[in-house]
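First comes the structure, then the notes that go with it.
The values are calculated or read from the model by the stated rules, or taken from the named source; none is laboratory data. Values in this document were obtained by computation on a predicted structure and should not be read as measured data. Using ideal geometry, Cβ is built from the backbone for each residue, glycine included, and neighbour counts are taken over all protein chains shown. SASA here: full protein model, heavy atoms, side chains in, ligands and nucleic acids out. Shrake-Rupley method; radii C 1.70, N 1.55, O 1.52, S 1.80 Å.
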Amino acid sequence: MQDHAITGGADRILYVLATLARNDGPLAIHALAEKTGLAQSTLYRQVALLKRWGFVAEQGGEYGPGPLCVQLAWGFDQSSFLVQESQPDMARLAADSGETVGLLVAMKDQAVCLDMVESQHSLRCSIVKGRGLPLVRGASARSLMAFMPEARLRALLDDFRGAGTDVADLVASLDPIRAAGYAVTDGEVDAGVWGVSVPVFQRPHLAVASITLMAPSTRAVARASSLIDMTTAAARRISGRLQNR
């Protein structure tokens, strides 16, 4: 989904970098042009600048995030108050439930995993730290959308409508989530994966992130109520710390 706010050179550079960061692997210029809608001549100039600064690396004519991105990620881990305040309860929730726990935020049209504590079961669900998933399906996406600012939600829904999403069904699914305070899905993103996601608040009714617990459906269904309660309690404790900073 192309960002409609791309208006100048600096925006284009950041858009190229964001596109490379969100892709599962390196991209050749022609593939990058397809994803961004930018001319190849423009992209060659942008990636040359990003390469010079270490934000992009090239191998075999394909481009991906460079070594400076690793430093950015490390700096984020060290300075993010959201990650720091969430980690103790994420670890506690993962230990008590035996399942994988993630911290996700809404960025543009994606739910991005900032941190993750993995289950110790041999059969487990996982999401890669730093990976983004489309902000339209799954418990994490629904819980983030249900508690985001109204103007941002409207803009997001407009983009989804343009991409052919059934926005009416999506909107209808958000009110029950607001009433319950959490979202639950089973097999909506990946077959056989059950998830519960509970928003984390720094201000009332506006989520800054969601805590998501993921488990194989075969293991989760019989104790869904307990997993929901544990995840809700963890999110409530994190929200309390954030609001008391």
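Label the stretch 54-170 by shape, choosing from rounded, prolate and oblate, from the square roots a ≥ b ≥ c of the eigenvalues of the Cα gyration tensor; if a/c is under 1.5 it is rounded, and otherwise prolate applies when a/b is larger than b/c, oblate when it is not.
On the way: a/c = 1.71, a/b = 1.10, b/c = 1.56.
It is oblate, given that a/c is not under 1.5 and a/b is not larger than b/c.
Tell me, in nm to one decimal, what length is gained between residue 129 and residue 83 on full extension, where the rule is 0.36 nm per residue of separation less the Cα-Cα distance?
Details: separation 46, 0.36 × 46 = 16.56 nm, distance 1.19 nm.
Full-extension gain reported as 15.4 nm.
Taking θ as phi - 60° and the Karplus parameters 6.51, -1.76 and 1.60, the scalar couplings of the stretch 53-61 work out to 8, x, 7, 10, 10, 10, 8, x, x Hz in sequence order, x denoting glycine and proline.
For a paramagnetic label modelled at 7 Å from the Cα of residue 121 toward its Cβ, which residues of the stretch 217-245 fall within the zone defined by backbone nitrogen distances under 18 Å? Correct set: 217-232.
Peptides 212-218, 144-150, ordered by how many other C-beta atoms sit within 10 Å of their residues on average, highest first, read 212-218, 144-150. Based on C-alpha pairs under 8 angstrom that are at least 6 apart in sequence, the stretch 3-152 has a relative contact order of 13 percent. Remark: the stretch 178-245 carries 48 Å² of accessible area per residue (probe radius 1.4 Å; ligands, DNA and RNA excluded). 3J(HN,Hα) couplings calculated from phi for the stretch 205-219 with the Karplus curve 6.51 cos²θ - 1.76 cosθ + 1.60 (θ = phi - 60°) are, in sequence order, 6, 10, 6, 9, 6, 9, 8, 10, 9, 10, 8, x, 3, 5, 9 Hz; Gly and Pro show x. Sequence-ordered 3J(HN,Hα) estimates for the stretch 143-155 from the Karplus curve with 6.51, -1.76 and 1.60 and θ = phi - 60° stand at 5, 5, 5, 5, 10, 9, x, 4, 5, 5, 5, 4, 5 Hz, glycine and proline given as x. Remark: spin-label model distance residue 190-residue 45 equals 4.2 nm, labels positioned 7 Å along the Cα→Cβ axis.
In what order, largest first, do 53, 194 sit by accessible area if the probe radius is 1.4 Å?
Numbers: 53 170, 194 10 Å².
So, going from the largest accessible area down, we get 53, 194.
With a 1.4 Å probe rolled over the protein heavy atoms of all chains, the accessible area of 154, 52 falls in the order 52, 154, largest first.
In the chain, the calculated helix contribution to ellipticity at 222 nm averages -16000 deg cm²/dmol per residue, counting -39,500 (n - 2.57) for every DSSP H run with n ≥ 4.
Heavy-atom accessible area of residue 190 with all protein chains present, probe 1.4 Å, nearest 10 Å²? The accessible area of residue 190 comes to roughly 90 Å². Surface calculation, 1.4 Å probe, protein heavy atoms: residue 241 sits at approximately 80 Å² accessible. The peptide list 108-118, 40-50, put in order of mean Cβ contacts within 10 Å with the highest first, becomes 108-118, 40-50. Look at (1) 14.3; (2) 15.7; (3) 13.0: the one that is mean projected area of the Cα convex hull in nm² derived from this structure is (1).
Got a sec? What order do 205, 30 fall in by accessible area at 1.4 Å, biggest, i.e. largest, first?
On the way: 205 145, 30 110 Å².
From most exposed to least exposed: 205, 30.
Here the chain exposes an accessible surface that is 55 percent carbon and sulfur, computed with a 1.4 Å probe and the other protein chains kept in place. Can you grab the distance from the C-alpha centre of the stretch 136-192 to the C-alpha centre of the stretch 25-55, Å, no decimals? Value for the Cα centre distance between the two parts: 32 Å.
As an exercise, use a Förster radius of 35 Å and the Cβ-Cβ distance of residue 218 and residue 241 to find the FRET efficiency, rounded to the nearest 0.05. Walk me through the numbers on the way to the answer.
Numbers: r = 34 Å, r/R0 = 0.97.
It comes to 0.55.
Scanning residues 5 or more positions from residue 56 or on other chains, those with amide H under 5 Å from its amide H are 51, 66, with H placed 1.01 Å from N in the peptide plane.
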